[in-house]
Amino acid sequence: MDSNAIFWLWGERFSLRGIEDDKKANVALADVDEQGKTLTVYVHTGRMEHLLLYVRRWGKQCVLNTGSKYLKFWENKLGLTPVSLVAKAMKTRWGSCAIHKRQVTLNTDLVHRNARYLEYVLVHELTHLFESGHGPQFYALLEAHIPDWRRLRDDLKLPFPPPDIGI
Ligand SMILES: [Zn+2]
């Protein structure tokens, strides 16, 4: 395993470490060492090539877990009946909302950014349950809940991590 491998978790840089351990190897399990900023992923013996696949699946689970916490809070605050949540790798969007299904999809790459961005994307998508398009009424509602939405939106258009930090 390349010892320079990095995983950005909620806006913080972690070293990614792969350990062969047949008992702990699991697609959705990783140990987070917050102090040492190390992320340990367990793979089956001789299958170190699974490391990135496992850490990606684990990251997806993180987006779902953290997304669900924010969703509960915002469902409550906005007086919404339950909305379902999906996390998916997407190339061109940070999130989407299937209004008729009452389902929000979040991009799995949100795990790399500060969780504030996930919250912003989630609230943007939930706002579509009140206003389907991106008209003035939509942005008025969004601004009432996420006053700094413009900055968050613009940040999400920039490459991450910033080139001067390196990957
Ligand atoms: Zn939208």
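FYI, it's all coordinate maths here, none of it is from the lab. These numbers come from a predicted model, not from an experiment. All Cβ positions, glycine included, derive from the backbone under ideal geometry; neighbour counts span all protein chains shown.
Which angle between 0 and 90 degrees, to the nearest 10, do you get for helix 115-127 versus the longest principal axis of the chain when only C-alpha atoms count?
40
Nearest 5 is fine: what % of DSSP beta bridges in region 60-155 come out antiparallel, could you say? Before the final figure, lay out the partial values.
Numbers: 4 of 9 bridges.
Just about 45 percent of them are antiparallel.
What does region 5-130 give for Rg and for Dmax, in Å, if only its C-alpha atoms count?
Looking at region 5-130, its Cα Rg and Dmax stand at 16.1, 51 Å.
Considering only C-alpha atoms, what is the centroid distance from region 44-64 to region 132-162, in Å?
31
Dividing the Cα radius of gyration by the Kirkwood radius, what Rg/Rh value follows for region 60-155?
Expressed as Rg/Rh, it is 0.92.
Evaluate the charge dipole of the chain about its Cα centre and quote only its size in Debye, nearest 20, assuming +1 on the Cβ of each Lys and Arg and -1 on the Cβ of each Asp and Glu.
It comes to approximately 420 debye.
222 nm [θ] for the chain, helices only, -39500 (n - 2.57) per DSSP H run of 4+, per residue, to 500?
-11500 deg cm²/dmol
Residue separation times 0.36 nm, minus the C-alpha to C-alpha distance between LEU78 and ALA28: what's the value?
Value of the extension gain: 14.8 nm.
Cα-Cα pairs above 17 Å in region 6-56: how many percent?
It works out to 28 percent of all Cα pairs.
Tabulate in residue order the Karplus-calculated ³J(HN,Hα) for region 152-162, using 6.51 cos²θ - 1.76 cosθ + 1.60 with θ = phi - 60°, rounded to whole Hz; enter x for Gly and Pro.
5, 4, 5, 4, 5, 8, 7, x, 9, x, x
Can you tell me the orientation of helix 51-78 relative to the chain, as the angle in degrees between its alpha-carbon axis and the longest Cα principal axis, to the nearest 10?
Roughly 30 degrees, rounded to the nearest 10.
Report, by chain and number, residues whose modeled amide H sits under 5 Å from the one on PHE14, excluding near sequence neighbours (fewer than 5 apart, same chain).
Under 5 Å from the amide H of PHE14 lie the amide H atoms of PHE7, TRP8, LEU9, each far enough along the sequence or on another chain.
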